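As structure tokens, the structure follows; a few thoughts come after it.
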Amino acid sequence: MPYSFDWVCKDVVKKLQGKDLSPVTRLSDAMKFRQFAILQRTPQSLFWKSEDTPVGYSLLQILEPNLPVPEPEVSAPIPLKHTVSQKLKANTGVNAIAEGSVSAAYAKSCGYEIEVRCTSIPDSNLESLQNRKLLDKEPSFVKDCRMGRKDLYVVTEAFEVTKDTVLEGSSSVDLSGKALIPQVAKAQAQGQWQRETTDSVPIQKGAVVAYKKKQLVIENDTCAILLFADAKKKNFLGMLPRMLRSSAPSDKDEIYYSASTVVGRIEEPYHQDFKCLQNEVSQITQELTMLPKDVQEIVFSNLQSMLSNRENLNDLLSMLELDQLGHMDGPGGAILDQLRQDSIPPWIDLRNLLLYLLQALMVLSDTQLKLLAQSMEKRLLLHQLELVKSILQPNFKYPWNIPFTLQPQLLAPLQGEGLTITYELLMECGLEMELNNPRSAWDLEAKMPLSALYGSLSFLQQLVEA
């Protein structure tokens, strides 16, 4: 996967091999996951995790003051280093892309060298915070919790960078050759398309790259921290969103991905089947079709403007999660205005529809968001959707790497720069790919970002058809 802060944090989690350790996904939030930070989550899908969103408060800020606070344990510095240098080249035959001839080259160079230390509170020390009373004046997120809208968590372990550092990396994609244009019989396009990217990202001392959390339950003006993951409690956690109830797993099922091999076969929860993802996404897009056409057009055009700015998307997501339709400038404000309109039928929950899309988009990298904006402009979404489906459908249930080949007839409509954009979208999901080469391989870690990409493309394509 090409270089990004998100990629670095995920790689750090792999190296640390800590159970229940989560990577920080955005550099702008890296200072907000410190010890005792309160996080919220509102899941909209069974197939990708909604992000943990800092609410802006520490647990210590909402509890009665002047009471003992457990002392954190601080580890010795841990040096971490990783470098990647990769070159891929494929010369495809005359049948590679609708009887065209294409040569592709992809190169990337990236890495990091950082030092982190762990600040943690052992479970035994958390006991002193149990059943503490809240302050008389409640923050708004606590009120939302009482209404059953949120899952709340508290950070109990954080890996912080010990000194300022700069991450650097570069990548390039080069496609050349000719391909048949299916809309014009026997016509061919010929040329060369190149894309080069260079990144330099500063990370400040104290930035958190990975963290652990525990569930926070608020009840009767007191709070409790659930010390064990299987000690789940329903207080103020609410029901799954309406769109998920028909396919929701039982309490015994794990919402996120798991599969076990038993006597040569895979046993999976019902929702691990690709058809279940398809049904979930289909339910969303079907509800979108019932929105007035002008509303769909406004949402589409303003989302396209916002995709190049993750912070704006995150601000809109936060407002929707908190159900606060306050003032917001620019495209986000135009979308919020639609939620106030009387023209939307009362049986359509536009807020939940937007939450579904935004949570899917937040799974994707910054590079993918920019590529999606270009795909919207070039009307590539439908072709990309079919391509993503062709990868997910046969491989969805497999927890191991399997080689696959992209279908030439699905690549044919993606000419020139469109093909470059699409390949980058897929490679950013973590797939190792080459044009029409069996060395392309399914990777279980690509399952969630590919599922989120499938959901995003389906949603946006429906808006295009409005």
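Note the full-extension length gain between SER75 and GLN283 as 0.36 nm times their separation in residues minus their Cα-Cα distance, in nm to one decimal.
70.1 nm
Put a dot 7 Å past each Cα toward the Cβ at ASP221 and GLU115; how far apart are the dots in nm?
Distance between the two pseudo-spin positions: 4.9 nm.
Could you work out how far apart the two model spin labels at ASP294 and LYS19 are, taking each label as a point 7 Å from the Cα in the direction of the beta carbon, and quote it in nm?
Going from the ASP294 label point to the LYS19 one covers 5.8 nm.
How much accessible area does MET319 have with a 1.4 Å probe, in Å² rounded to the nearest 10?
Looks like 40 Å² after rounding.
Take the residue pairs LYS32/LYS212; LYS81/LYS163; LYS14/LYS163; LYS32/LYS214; LYS49/LYS213; LYS81/LYS213 and return only those whose Cα atoms are more than 19 Å apart.
Pairs exceeding the cut-off: LYS14/LYS163; LYS81/LYS213.
Protein chains only, probe 1.4 Å: how do TRP400, TRP7, TRP48 rank by accessible area, largest first?
TRP400, TRP7, TRP48
Keeping all protein chains in position, work out how much accessible area ASP315 exposes to a 1.4 Å probe, and write it in Å² to the nearest 10.
So the heavy atoms of ASP315 present about 80 Å² to solvent.
Mind grabbing the accessible area of LYS81 for me, 1.4 Å probe, Å², rounded to tens?
130 Å²
The values are calculated or read from the model by the stated rules, or taken from the named source; none is laboratory data. For clarity, every value in this text was computed on a predicted model and none was experimentally measured. Quick reminder, even Gly has a Cβ in these numbers, built from the backbone with ideal geometry, and neighbours come from all protein chains shown. Side chains included, ligands, DNA and RNA excluded: accessible areas come from the protein's heavy atoms. Shrake-Rupley method; radii C 1.70, N 1.55, O 1.52, S 1.80 Å.
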